[in-house]
Structures are given as structure tokens and as C-alpha cells.
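Structure, as C-alpha cells:
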Amino acid sequence: MARHVDLVRERFGEEVLQSLLARWAEACPRGAERLKLDYFLKLGEPAPCCFGCVEALPGRSTSVPVILQGQSQRSGYQQVLPSRPSLEKGQSEQIARAGTVATATSSTGPTSFRAEAAPAWGGPSSTRSAPSSRRCQKILDMMKPFLEMMCGAGRTDAASARHAEDHMHEHLAKMVLCAPETWFEVITGATLPSDATNDFTAIGVAFDSSSRLRRAGVEYYHDRLWEKHRKDGCLYVASLETPPSLELRSLHALPGAACPSVRMVAVSDTHLLHEKFGSLPEGDLLVHAGDLSFEESRSKDATECAEKLKEFSGDFKAFLRWFRSSSMGLTSAMKWLGSVSKFEHRVLVGGNHDYILEQLGHARAQELCQDFGVEYLHTAAPPLELPFSTGRSLRIWGSGISFYSTLGAGRQVLSGNRAYQMDSASGEAQFLEETSHLQPGSVDVLITHSPPAGALFGKRDQPRWINDLLKRIRPQVYLCGHAHNPEKLDINQKVADVEGTFGAQLANTSVWNSYVGLPFVFDLPKFQ
């Protein structure tokens, strides 16, 4: 077995390891549910390990740290593995970046890897440059022998299956080793040893493996994590007065919406877990602040969508008919968003996981959303005025903005989920230009996917563009998502006064990408 599994045996004993393996046998998807897992294993992406080097591909590992930096076939993202490489004594590492080339040099000699490919979509919304297809093909041809060797070309089906199992065992072992306080009991079924604590210097390794489990369609462990910390109900906002206040209420204990108020129900970061809501409270307006999907840029769905757009060759109506009949995750999420409970209006902004919507471009994304009875909001659009049967109206505006991630203890791999994202170092002028049409007082409800700096789980060192926008526009209500809920959630952290505006953090998932729920319910007074 690979070394993380061996470490579990060494640290916790054979009985714990066997319990981990037995629980995986129960958790492993089967039948049609296995498709995501098979696709995930086929990709064979390198993953960071607890030692600072890289587990190369399913069932294999390398003792020499390899830095993989490249432009993805989708979204133009970069991976840098690992963020904190550790070399054996006597080795030295030298990283030379030129374009998308990275080189790791050790006492055994240099290892270079270049991965570059043109985006498969060529969507109009992308501002990132891409290399020529001829250059990409040349690089891929050069890589082919290396990839075939690393992927184990020529293995028997039984050997491939065994390596696949080993690969998933490794991810579970990393989660147990790096974050035992969260995952030990969930993954092994055993009682957490009193001396087992989370390793916060390598916690990003566990975060990475947790995300990969969900991307592989393995929901078993995250479902049990939710059950362990489960809170049912909704978060009710009765007043927008400061200081902001919030009440946890059951869905059956909500007061009736008083006329002429507008009842707004708001969610975000549902990440294909929408069915776990069951139903939502009924209201006048349903808001989704982004991330309907999960890890979509590297999914089978993204590949299939690109192929179908090409097949229908500009006939978007035909594409929509196919999309509606497909079994894709986004199709399921859009059907849910367009039909759950009763609302007069439903609106959506994109999030960094919503790759397909971004690649469609604003016009086609709007057409797709409207086909499900949902209005699509984006940065360059004017505020949308929504009339209600009560005679009230609301002006609403939204942006899918968030910022490129950076490496650290909590993130060992740069995210491939970069839809709608901007570079914090160079994107300010573009954001200011795209929002210059917004006038002070022109928006009642303002939505961004990312939270602002220093509030609602937003990082203090991120750009203050959103804070400045709120200060300039002065909306009545501000909504965001993107930053997931901490394990020990105090619901009062989910509301704050942000630049004089009542702000709410809507995310419905945890930092481990498990379901949290708790939709917001607002009874909005009449705004002057």
C-alpha cells in the first residue's frame, strides 16, 4: 500500500486501518453513481501529500518533489504542487518559471514538466490568453509517452482497479492524518484518540483530499459529517436595524410576511447539494449568490457541454433542449432553482465553480437561466427592477466576482475553480470600469459572490473593491457567499454591518464542502 495508509497503521494501529478500508467498501459508489469516480480516476491528477511532495497518480507516489505548473484545458488555472516542498538532506530545489514551465532539480537530476492546452470552449467571457492549438498539440505529443507511463498503460483491469482503490484509500488516510478531529471518527468509525489533533501546518492536504472525494462523487463521508453537526431550520432576519440580529427558526415557526414587505429567501454555495434542502420557505424573491455547481471546470459535465455546443453548431435552442434532458449536475440544480417552493422572482449570480455558465457567455447564460424561470445577474448589467404583486418593487444587482486563491497552509494546490474570478493584483481597473454605471442609491439589494474584505468571512488582506462599491452605492441589503462556514459556526457571524449596509453571508456549505443548509429569510420593509 502507499505510504499514507501505512502511516495510519503505524500511528493508529491495524484495527483502525481495517475499519477505514471496510468503511470505504461501504462508501464506494456503485452502478450509475460510479461514473464520477471513474472519470476522476481517469484524470489521474497529482495530489499533495503530508510530506510536502507529490503523490504522482493513482497507486503511485514519488519521493522527489515535482512542481506541476500549467494552464488547464479549462479555465486557464495553474496548479503548483506542493506549496511547501521538503527535500531530502543534500537535495536542492530550483524552480524556474518561464511561461508555464516549472523545473524541480534534486541530487538525482532535473525534472521538468510542461502542461499547456487551449481552452476547449473559447467562450467570449474569458479574458485569459491561450497558446495556439498547434503549440498545444506539439506539447501534448511530447507528453504522451510520459503520461502513458505514469498512468500505467498496459495494466490489466484488475491491476487498474486495485490502483484506483489504493488512490482513494490514500485520500482518506490524508484526511485522518492531517485533520483527525474532523475526520477520524467519520472515516474509521473508531473513537478519536485523546492525543490526536489537527495538523494545521498541513491542513490544506486534508482540504484537498476532502474536495477530491466530492468531485469523485463520494458523498458518504460528507453526509455523515453533516449529520454529526446538523442544524435544521432557517436564519430569519426580521429587521435591518443595527446591530444586525439573526434568529434560528424552524421552517414551521416563521411569521407570516406582513404586507407590504417583500419576503426574500437567499442561499449560496449549494454545490450540487440542493436536494438536501428538501423545500425552502415560500416567499416573493429567491436569491442564489453563486456556486450551484462543484468543481465543474474539471468535470465530465464540462467536457460533454463543450462537445454538445460544437455538435449543435450555433443552434442554442437545440442545445437547451439537450441540456434540459441531460443528467448533468447543473441541469438538476437549475431545475431545482427554477421550481423549488413558490416565488414571484428567482435570481442567480455565477460563482467560481460555475464554469459552464461563465463559458456560455452572458447572453447565452441569461437565455439558459430564463429557460428555467431564473434571472441571471452579472457585473456589467444594469440593476434589475423586480415588480411584485403586492405593488412593491425592488432594484437588484449582482456580480460573480471573487479573487484568485493563493497558496498557504490551508491551500496546498491552486484552485482550478476560477470562473468569474479576478486577479487581485491587476483586476481593479476592470472591476471599476464594469461597475461605473452603478449610481449611488440605484440598488436596493446588492449581491457579490465573494464577501468583502474583513467581514462575513472575507479575508482581511483581499482587495477592498467590494467594500468601496458598497460605500459608494449604499444599498439597503448586501448578500454574499463563497467563504464557507467554519466547523464551529456561530450564526451571528453570518450577519454584519458592512460599510453602513446590512450584510449577510449566505453560504450553505462548510469549509469541508459538506452540507450545512440554513437558508436566510428576510422580510424587507418598504425602501424609500
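The values are calculated or read from the model by the stated rules, or taken from the named source; none is laboratory data. Here the structure is a predicted model, which means the values were calculated and not measured. Note that each Cβ is placed from the backbone with ideal geometry, even for glycine, and that neighbours are counted across all protein chains shown. Areas reflect the complete protein model, heavy atoms only, side chains present, ligands, DNA and RNA absent. Shrake-Rupley method; radii C 1.70, N 1.55, O 1.52, S 1.80 Å.
Residue count for region 459-507 under the criterion of being open to solvent by less than 30 Å² (accessible area, probe 1.4 Å), in contact with a Pro (Cβ under 7 Å, 6 or more places away or on another chain) and under 20 Å from Asn417 (Cβ atoms): the result is 4. The C-beta contact set for region 494-516 (first residue within 30 Å of Pro440 (Cα to Cα), second residue open to solvent by less than 10 Å² (accessible area, probe 1.4 Å) and small (Gly, Ala, Ser), distance under 6 angstrom, 6+ apart or interchain) comprises Val495/Ala504; Ala496/Gly503; Leu506/Ala266; Leu506/Ser268; Leu506/Ala289; Leu506/Gly481; Ala507/Ser268; Ala507/Gly481.
Determine whether His353 is farther than 17 Å from Phe294 by Cα and crowded, with 19+ Cβ neighbours inside 10 Å. No; evaluated as a whole, the condition is false for this residue. Within region 322-336, residues that are in contact (Cβ under 8 Å) with a residue 24 or more places away in the chain reach partners that are among the small types (Gly, Ala, Ser) and buried (at least 16 other Cβ atoms within 10 Å of the Cβ) with beta carbons closer than 8 Å, at six or more positions or on different chains, in the pairs Gly329/Ser293; Gly329/Ser299; Leu330/Ser293; Ala333/Ser293. Counting just the residues of region 354-399 that are basic (Lys, Arg) and over 27 Å from Ser299 (Cβ atoms), which one comes out modelled with the lowest pLDDT? Restricting to residues being basic (Lys, Arg) and over 27 Å from Ser299 (Cβ atoms), the top hit is Arg392. With respect to being touching a residue at least 24 places away in the same chain (Cβ under 8 Å), farther than 25 Å from Leu280 by Cα and surrounded by 15 or more Cβ atoms within 10 Å (Cβ to Cβ), Leu377 falls outside the description.
Scanning region 400-411 for residues that are small (Gly, Ala, Ser), at pLDDT 90 or above and either assigned to a strand (DSSP E or B) or closer than 19 Å to Trp512 by Cα (or both) yields a count of 1. Within region 474-516, restricting attention to residues that are touching an Asp or Glu at 6+ places or on another chain (Cβ under 9 Å) and among the small types (Gly, Ala, Ser), which residue is farthest from Glu181 (Cα to Cα)? Per the criteria, the residue is Gly503.
The number of residues in region 474-514 that are assigned to a strand (DSSP E or B) and aliphatic (A, V, I, L, M) comes to 7.
The single condition among (1) touching a Cys at 6+ places or on another chain (Cβ under 6 Å); (2) farther than 30 Å from Ala302 by Cα that Ala238 does not meet is (1). The set of residues in region 517-528 that are open to solvent by less than 10 Å² (accessible area, probe 1.4 Å), assigned to a loop (DSSP other than H, G, I, E, B) and farther than 30 Å from Cys178 by Cβ contains only Pro519.
Of everything in region 227-263 that is touching a Gly at 6+ places or on another chain (Cβ under 6 Å) and open to solvent by less than 70 Å² (accessible area, probe 1.4 Å), the residue that is farthest from Lys526 (Cα to Cα) is Ser250.
Does Ser341 satisfy being touching a His at 6+ places or on another chain (Cβ under 8 Å) and under 17 Å from Val374 (Cα atoms)? Considered against the rule, which asks whether it is touching a His at 6+ places or on another chain (Cβ under 8 Å) and under 17 Å from Val374 (Cα atoms), Ser341 comes out as no. Considering only region 433-451, I want to know if a residue exists there that is within 28 Å of Lys231 (Cα to Cα), in a loop (DSSP other than H, G, I, E, B), in contact (Cβ under 8 Å) with a residue 24 or more places away in the chain and of a type outside the set (Ser, Thr, Tyr). Within region 433-451, one or more residues are within 28 Å of Lys231 (Cα to Cα), in a loop (DSSP other than H, G, I, E, B), in contact (Cβ under 8 Å) with a residue 24 or more places away in the chain and of a type outside the set (Ser, Thr, Tyr). Scanning region 285-308 for residues that are over 22 Å from Thr448 (Cβ atoms) and not small (Gly, Ala, Ser) gives Arg298, Lys300, Asp301, Thr303, Glu304, Cys305, Glu307, Lys308. Residues in region 281-296 that are in contact with a helix residue (DSSP H, G or I) (Cβ under 8 Å, 6 or more places away or on another chain) and closer than 26 Å to Lys36 by Cβ were compared, and the one that is surrounded by the fewest Cβ atoms within 10 Å (Cβ to Cβ) is Phe294. If you go through region 183-202, how many residues are part of a loop (DSSP other than H, G, I, E, B) and among the aromatic types (Phe, Trp, Tyr)? Residues meeting the conditions: 1. Of the residues making up region 203-226, those that are open to solvent by less than 10 Å² (accessible area, probe 1.4 Å) and either out of contact with any strand residue (DSSP E or B) (no Cβ under 8 Å at 6 or more places or on another chain) or in a loop (DSSP other than H, G, I, E, B) (or both) are Ala206, Ser210, Leu213, Arg214, Ala216, Val218, Tyr221.
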